[in-house]
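Engineer: Shown below is the structure under consideration.
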Amino acid sequence: AGAGQLTPALLDGLREESLQLVSKLKDSSSSCAVDVSTMWWGAAGSKELCVVTACESSVSLWKPLASDHWEKLHTWQLGEIPVIQIVPLPDTCNLMCVALGDLEIGEIRLLLYSTENDSFKQSLVKAGNIKAVLGLQERRLVSSCRTGQEQQVEMVSLAETGRNKDGQTLMPPEETVLAFAEVEGMREALVGTTAVNSIVVWNLKTGQLLKKMHIGCSYLASICHRAYSDSGLLFVVLSHPHAKESESCGSPAFRLVAFNPRTARGAGVLCSSLPPGQAGRYLEGDVQDTSAVAVLTSGAIAVWDLLLGHCTALLPPGPQGSWALARWATSSACLLAGQRDGTVCLYRY
Amino acid sequence: CSESDLGPISLNWFEELSAEAPP
């Protein structure tokens, strides 16, 4: 474990927020990191926020110890199909999912710790040509599957033991759903972004497809990260992995867009672009509350305040190489930054 | 963005759209 202070880039002559390196963990048995996340782990009456790291063939759970050290509690071996991503289940203890596959997701597995018999287990939740998956509040999991012309969008509820409790089929749009986001504060509302750049809205209780709204042609293949309703408008945070540089917005990474679900009309509210002087474009990222983080093609990590629309911190590629992964822990107060060699750095933001 | 850009706004959009959408 190490501790130190990294000074973020100075923007507009101001020192904005800072990222403070809190600790570092490295899985010596893993050579290539695929994803990183957090999970609440509870045993013997105590509950702790643990770090989860994934490499191609296994997923490890790390428990915090004193003095910013970490202990590996367990490693789930996942067999021959490679891990593609961790699918956290927010507000859930001792349960998470992982997506496995070759080029596309072919399987979703549940990884769990059973307090009853103090054992770690795994089980299959879903198999198919899965295009998108998201863990929702209250141990629910939504996914979209496509086989030829047919698309299936389904939500399953998981019991504490990991068994499938019940499910709800959601009416699929014609186009392929590429990402989902819960509408915060509305338990039954879900949004998705599609391959032809539309936002769709579902009622999770009835399965109804309530509305389809076009995002606009300027930003193709948008991915939704966060959605909330305020004053009768639906606000959606989108990332634009394929966006081109424009005069008005520079090189955009995230945009906050407001939609009126009654009329299906939308308007851009704020655009968060790559900081001036940063070459390349958005590669992958994460959003928590009003904070967004992304790995850029330059190998740097950039952090934005989505309400101000500007970059607040920048982590240049380290001496060991480029950053590969950037995720918020359960709150945006803690950033998990991963390198391909399996090193995960925790920063206080 | 103003109401004129986005059209008439309803605070109960989710309930209204759920009542109108096909089951």
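Each value in this text was obtained by applying a stated rule to the coordinates, not by laboratory testing. Bear in mind that the values here come from a model prediction, so they are computed numbers and not experimental data. As a convention, Cβ positions derive from the backbone with ideal geometry for all residues, glycine included, and neighbour counts pool all protein chains shown.
Engineer: Using DSSP to define loop residues, name the trypsin sites (Lys or Arg not before Pro) in the stretch A:238-277 whose beta-carbon has at most 15 other beta-carbon atoms within 10 Å. Can you show the working numbers first?
Structural biologist: On the way: sites: A:244, A:255, A:262, A:265; in loops: A:244, A:262.
Those that pass, being in a loop and sparsely packed, are A:244.
Engineer: How high is the relative contact order of the stretch A:134-203? Use alpha-carbon pairs under 8 Å, at least six apart in sequence, and give a whole percent.
Structural biologist: Working: 124 pairs, mean separation 14.9, N = 70.
It comes to 21 percent, rounded to a whole number.
Engineer: Another question about this same structure. Would any residue of the stretch A:25-40 have its amide N under 11 Å from a label point 7 Å out along Cα→Cβ of residue A:49? List them or say none.
Structural biologist: Answer for this model: A:38-40.
Engineer: Tabulate in residue order the Karplus-calculated ³J(HN,Hα) for the stretch A:65-70, using 6.51 cos²θ - 1.76 cosθ + 1.60 with θ = phi - 60°, rounded to whole Hz; enter x for Gly and Pro.
Structural biologist: 10, 5, 6, 6, 9, 10
Engineer: Can you list residues whose amide H is under 5 Å from residue A:160's amide H, if they're 5+ apart or on another chain and H is modeled 1.01 Å from N?
Structural biologist: Close amide H contacts, sequence-distant or interchain: none at all.
Engineer: Between residue A:81 and residue A:152, how high is the FRET efficiency from 1/(1 + (r/R0)^6) when r is the Cβ-Cβ distance and R₀ = 25 Å? Nearest 0.05.
Structural biologist: Working: r = 20 Å, r/R0 = 0.82.
Result of the calculation: an efficiency of 0.75.
Engineer: Quick one: which residues, 5 or more positions from residue A:204 or on another chain, have an amide H under 5 Å from its amide H? H modelled 1.01 Å from N in the peptide plane, none for Pro or chain starts.
Structural biologist: A:189, A:190
Engineer: Another question, if that's okay. Relative contact order for chain A using alpha-carbon pairs under 8 Å, separation at least 6, rounded to a whole percent?
Structural biologist: Numbers: 950 pairs, mean separation 45.8, N = 349.
The value is 13 percent.
Engineer: A further question on this structure: Suppose every Lys and Arg Cβ carries +1 and every Asp and Glu Cβ carries -1, with no other charges. What dipole size does the protein assembly as shown come out with about its Cα centre, to the nearest 20 debye?
Structural biologist: It works out to roughly 300 debye.
Engineer: For the stretch A:119-244, what is the relative contact order in percent, using Cα pairs closer than 8 Å and at least 6 residues apart in sequence?
Structural biologist: Numbers: 277 pairs, mean separation 20.1, N = 126.
For the stretch A:119-244, the relative contact order is 16 percent.
Engineer: Past 21 Å, Cα to Cα: identify those pairs from A:211/A:244; A:165/A:211; A:24/A:72; A:126/A:212, in the order given. It would help to have the intermediate numbers written out before the result.
Structural biologist: Values: A:211/A:244 28 Å; A:165/A:211 28 Å; A:24/A:72 13 Å; A:126/A:212 27 Å.
With Cα atoms farther than 21 Å apart: A:211/A:244; A:165/A:211; A:126/A:212.
Engineer: Counting other beta carbons within 10 Å of each Cβ, put A:281, A:187 in order, fewest first. If you can, show how the numbers build up before the last one.
Structural biologist: On the way: A:281 19, A:187 14.
If I rank by nearby Cβ atoms, fewest first, I get A:187, A:281.
Engineer: While we're looking at this one, here's another question. Evaluate peptide B:7-15: per residue, the Cβ atoms of other protein chains within 10 Å of its Cβ; return the mean as an integer.
Structural biologist: Details: counts 5, 4, 7, 6, 5, 2, 13, 11, 1.
Partner-chain Cβ atoms within 10 Å, mean over residues of B:7-15: 6.
Engineer: If the only charges are +1 at each Lys and Arg Cβ and -1 at each Asp and Glu Cβ, what is the size of the charge dipole of the stretch A:160-302 around the Cα centre, to the nearest 20 debye? Before the final figure, lay out the partial values.
Structural biologist: Numbers: 12 positive and 13 negative charges, 63 e Å.
It comes to approximately 300 debye.
Engineer: For the stretch A:226-327, what is the charge dipole size about the Cα centre, in debye to the nearest 20, if Lys and Arg each add +1 at the Cβ and Asp and Glu each add -1 at the Cβ? Show your work: numbers first, answer last.
Structural biologist: Details: 7 positive and 7 negative charges, 52 e Å.
With only Lys, Arg, Asp and Glu charged at Cβ, the dipole is about 240 debye.
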